[in-house]
Amino acid sequence: MEPFDGFPHVLQSQQFHPETLERIFLVADAIRSAPERFSNALAGRKVAVLFNQPSSRTRASFQLAAQNLGATVYAESNMALFSSEVKGETPEDTARMFVEYGFDYFVLRLKQPGAITRVAEVVGRDHPVINAGGGIDQHPTQALLDLNTIWRENHDLNRRIVILMVGDLENGRTVRSLTYLMAKYPGVEFVFLSPSSAQMRQDLLDHLNENGRQYAVRLDACIGRVVVEFNPDIVYMTRAQLETIDDPGKRAQLEGDYKNLILTPDVADQLKPEAIILHPLPRGPELPQEIDGNPRSRYFSQMGNGLWLRTALFERIEETMKRLLIRIHD
Ligand code: NCD
């Protein structure tokens, strides 16, 4: 996969290098502090936001980000019901239509495996495609905003950081993208806690092995015990991805298995004072409202960071496209 240095497509989190990430984070801060300075950054651009899986935060923040930069946005939030997908049209053909109508950017959340990459191939390098969640595979911009939240807490990503990832690690795409991204930093140590029915998949563990990264796997253990064992700096909670599991027996089993994974106020208080609690949201029973007031909870500001991070991503892509165009015309 081509590394991302502002252009063209954002398909997987492993495209991003630490220096690029630092630049995006600094731009996100600059936009946050003076949004009006960037209000024309995407003027004249058309952005198609096309989703066929549910979304609240991701869709709203991408739409707002593009609008805040002056773009025209067309958003279809339920392609599976209201687009020609119902008639059997492929995402590639739908994207071809938007290219013909003069659209420049695509922000896609598609359940079909590999569909976002196929669209990127069809629309070409002058139509950036951003993966906003592809089936159970990846959600790279969520990983960017997760890492941005960690960076904003303590700008040094090169120190030793122990991250405990909890939940349905088999079907959750956010943990996959975040693991790929944080594996870029040699000081990060991963602890994967899940039910044995929903383990982190082997391809990711292979990736960590190949890159010499440290990790531990705990199956069916109680979260309190794992917190004591590893004393994590970050606890990344995730919900059971029940809607991705067809078999009712497996769904019921996963729901039952989650009882060990609830971050109760007692467990949260066992964390070191400077630890932070993250969750991509929406939450399930694993993240009770009682810990919203815990000083370590960051999931609401994490969600807020997503708006600025996605705004910065558009800005970086646009700047790079303009630079490349100038070079072509020179
Ligand atoms: C996540 C997703 O869609 O993968 N949501 C989000 O984008 N914040 C997490 C989830 O649905 O569990």
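The values are calculated or read from the model by the stated rules, or taken from the named source; none is laboratory data. As the structure is a prediction and not an experimental result, all values here were calculated from the model. For neighbour counting, all protein chains shown are included, and Cβ atoms are generated from backbone atoms with ideal geometry for every residue, glycine included. Accessible surface areas use protein heavy atoms only, side chains included; no ligands, DNA or RNA. Shrake-Rupley method; radii C 1.70, N 1.55, O 1.52, S 1.80 Å.
Worth a mention:
- Boolean, residue 239 is within 24 Å of the chain's Cα centre (by Cα), under 26 Å from residue 149 (Cα atoms), away from the ligand (no atom under 16 Å from the Cβ) and open to solvent by less than 70 Å² (accessible area, probe 1.4 Å): no
- Selection over the stretch 92-127 of residues that are away from the ligand (no atom under 16 Å from the Cβ) and in a helix (DSSP H, G or I) gives a count of 16.
- So residue 43, is it over 28 Å from residue 147 (Cβ atoms) and either under 21 Å from the mean Cα position of the chain (by Cα) or modelled with pLDDT of 95 or more (or both): yes
- Taking the stretch 261-299 as the range and being part of a loop (DSSP other than H, G, I, E, B) and under 19 Å from residue 56 (Cβ atoms) as the test, the residues that pass are 279, 280, 281, 282, 283, 284, 285, 286, 287, 292, 298.
Listed here are the residues, each with its yes/no results for (1) touching a strand residue (DSSP E or B) at 6+ places or on another chain (Cβ under 7 Å); (2) of a type in the set (Asp, Glu); (3) without any contact (Cβ under 8 Å) to a residue 40 or more places away in the chain.
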| residue | (1), (2), (3) |
| --- | --- |
| 114 | no, no, yes |
| 119 | yes, no, yes |
| 132 | yes, no, no |
| 136 | no, no, no |
| 149 | yes, no, no |
| 168 | yes, yes, no |
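- If you filter the stretch 128-164 down to residues that are within 16 Å of the ligand (Cβ to nearest atom) and open to solvent by 20 Å² or more (accessible area, probe 1.4 Å), you find that the one that is modelled with the lowest pLDDT is 136.
- Taken together, the residues in the stretch 166-204 that are closer than 23 Å to residue 242 by Cα and part of a loop (DSSP other than H, G, I, E, B) amount to 10.
- Single condition residue 287 does not satisfy, out of (1) within 16 Å of the ligand (Cβ to nearest atom); (2) at pLDDT 95 or above; (3) aliphatic (A, V, I, L, M); (4) open to solvent by 20 Å² or more (accessible area, probe 1.4 Å): (4)
- Where residue 115 falls short, out of the listed (1) in contact with a Phe, Trp or Tyr (Cβ under 9 Å, 6 or more places away or on another chain); (2) open to solvent by less than 10 Å² (accessible area, probe 1.4 Å): (1)
- Selected residue (criterion: surrounded by the most Cβ atoms within 10 Å (Cβ to Cβ)) from residues of the stretch 15-29 that are under 17 Å from residue 41 (Cβ atoms), touching a residue at least 24 places away in the same chain (Cβ under 8 Å) and aliphatic (A, V, I, L, M): 28
- Qualifying residue in the stretch 41-58 (condition: part of a helix (DSSP H, G or I), open to solvent by 60 Å² or more (accessible area, probe 1.4 Å) and either within 16 Å of the ligand (Cβ to nearest atom) or not aliphatic (A, V, I, L, M) (or both)): yes
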